[in-house]
Structure formats: C-alpha cells, structure tokens
1. Within segment 30-109, which GluC sites (Glu not before Pro) sit in a loop by DSSP and count at most 16 neighbouring Cβ atoms inside 10 Å?
2. Report the label-to-label distance for R89 and I61 in nanometres (one decimal), using points 7 Å from each Cα along the Cα→Cβ vector.
3. Find out how many positive minus negative residues lie around K84, taking Lys and Arg as positive, Asp and Glu as negative, among other residues whose Cβ is under 14 Å from that of K84.
4. Give a residue-ordered list of calculated ³J(HN,Hα) values for segment 57-70 (Karplus: 6.51 cos²θ - 1.76 cosθ + 1.60, θ = phi - 60°; whole Hz; x for Gly, Pro).
5. Starting from the Cα of K20, draw a straight line to each of the aspartates and glutamates and keep only those under 20 Å, dropping any in the same chain fewer than 8 residues away.
6. Please report the equivalent ellipsoid semi-axes of segment 1-75, computed as sqrt(5 x eigenvalue) of the Cα gyration tensor, largest first, in whole Å.
7. Taking a point 7 angstrom from the Cα of C102 along the C-beta vector, which residues in segment 16-52 have backbone N less than 20 Å away?
8. Below 18 Å, Cα to Cα, which lysines can K100 reach? Residues fewer than 8 away in the same chain don't count.
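Readers should treat all values here as calculations from the given coordinates under stated rules, not as data from a laboratory. Predicted model, so just to flag it, every value in this text is computed and none were measured. Note that we place each Cβ from the backbone using ideal geometry, even for glycine, and neighbour counts take in every protein chain shown.
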Amino acid sequence: MGKMTIRKGDNVEVLTGKDKGKRGKVIRSLPDKNRVVVEGINKIKKASRPTQRNPQSGGIIEMEAPINVSNLMLICGSCGKPTKAGSVRDEEGNRTRTCKKCGAAIDKK
C-alpha cells in the first residue's frame, strides 16, 4: 500500500459514487485502511441504543462513513481546482506537497 497524499484538514472532491462532485473537509484519516472520513460526505444511518452515560442518544443517528482515498481528489488552495499532489524537497530536506496544475504549495506552515 502506497503512502496517502490526502491528510486531515485537506479539502477534497468526490470523484465517484452517490456524492460525486461534492466537496468537503477531511475530518479523520485511516491510513492503515487507505480511507478517510470527509465532512458531509458518504452519510449513513446507524441505529443506536441509549446508554447509561448518554440516555438521550438512542434512535437512528446519521453519521459520516469512511471513503476510499482513490475516490477523492485533493483541491488546491490557490487555484481551487482538483489536482494531484506533487512532492518537492526544500534546502533543509523537508518534503512539501505541491499542486501539479499551478505549482503552488499545498502544505501550510
């Protein structure tokens, strides 16, 4: 399995599936499964029982499910277009993600 180019906090666009064309922010990353959870994307309904800690939480809860990284594309912050992430090293040897379309740095410091 290759290294994921999409990280927590990135803005992404969905390429396939029921939410095709929608954009959202990555909430959580699951690199061992090659999946991420995106805000407002891939919503599922889950039945849950009330617990002693939270007695009001019973019923059907709507939540985001993980989606495979191959179905997403990173959105560049400067040009606003979906793009692949390139990698460039600076003088100190640190790796920075860059936009393949406009060449701008995606990572913020």
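1. Passing sites in segment 30-109 are E39, E91, E92.
2. Modelled inter-label distance: 4.5 nm.
3. Net local charge, K84 excluded: +3.
4. Going residue by residue, I get 8, x, x, 9, 10, 9, 9, 8, 9, x, 10, 5, 5, 5 Hz, with x marking Gly and Pro.
5. D10, E39, E62, E64
6. Details: eigenvalues 147, 39, 21 Å².
Result for segment 1-75: semi-axes of 27, 14, 10 Å.
7. Only 22-26 fall inside the zone, counting backbone N under 20 Å.
8. Here the lysines satisfying the reach criterion relative to K100 are K3, K81, K84, K108.
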